[in-house]
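Q: Below is the structure I would like to discuss, written out as C-alpha cells.
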C-alpha cells in the first residue's frame, strides 16, 4: 500500500503523510491541485463507503481484494502496482502519467482510514473467489 500512496501523493508530498492524516483538508487541497478534473470526479465520494477491502483468512494466510465503487460498477484496485480494473482510457492515461480517479479515491479513503472491511468466513474463500470471478466475467 505504501507504493500506491507514494504514487498517488507524489515524491514531493510523501513526507507530509502524517500531516495530511491529521489535516485532511491539506491532503485534499494537494490532490485537487495535482489531479484537477480526476479529483473532481471523486471529491464528493470521499469517506462515504465507496472503498472496500474484502478479506478472507485461510490457514493463517489473509487474502484481500481491494475495490472502489465507480459510477457503473465496483472496480478492483491492485494497490501494489497502481492498476484499476476500470480500463477507462487506461493505456492513454498511463502514457500521460495519469492515475484513474478510482485509485485516487481509494487511496484517499485508505489514508483517512475510511475503507470498509468486509470479512468472509475462512471456509468461504472459494465463495469469495467465485464472487469475484463472476464479477470479472472470468467464468
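Yes or no, residue by residue, for (1) out of contact with any strand residue (DSSP E or B) (no Cβ under 7 Å at 6 or more places or on another chain); (2) exposed (fewer than 15 other Cβ atoms within 10 Å of the Cβ); (3) more than 12 Å from residue 109 (Cα to Cα):
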position	(1), (2), (3)
42	yes, no, no
46	yes, no, no
52	no, no, no
61	yes, yes, yes
78	yes, yes, yes
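Q: Let me spell it out: the conditions are (1) assigned to a loop (DSSP other than H, G, I, E, B); (2) surrounded by 11 or more Cβ atoms within 10 Å (Cβ to Cβ); (3) modelled with pLDDT of 80 or more, and residue 107 meets all of them except one. Which number is the exception?
A: (1)
Q: Restricting to region 113-139, and then to whatever is assigned to a loop (DSSP other than H, G, I, E, B) and either touching a helix residue (DSSP H, G or I) at 6+ places or on another chain (Cβ under 6 Å) or over 18 Å from residue 49 (Cα atoms) (or both), can you tell me which residue is modelled with the lowest pLDDT?
A: Per the stated criteria, the residue is 139.
Q: Is it the case, given these coordinates, that residue 28 is within 20 Å of residue 4 (Cβ to Cβ) and either part of a helix (DSSP H, G or I) or at pLDDT 80 or above (or both)?
A: Yes; evaluated as a whole, the condition is true for this residue.
The values are calculated or read from the model by the stated rules, or taken from the named source; none is laboratory data. Note that the structure is predicted; figures quoted are calculated from it, not measured. Quick reminder, even Gly has a Cβ in these numbers, built from the backbone with ideal geometry, and neighbours come from all protein chains shown.
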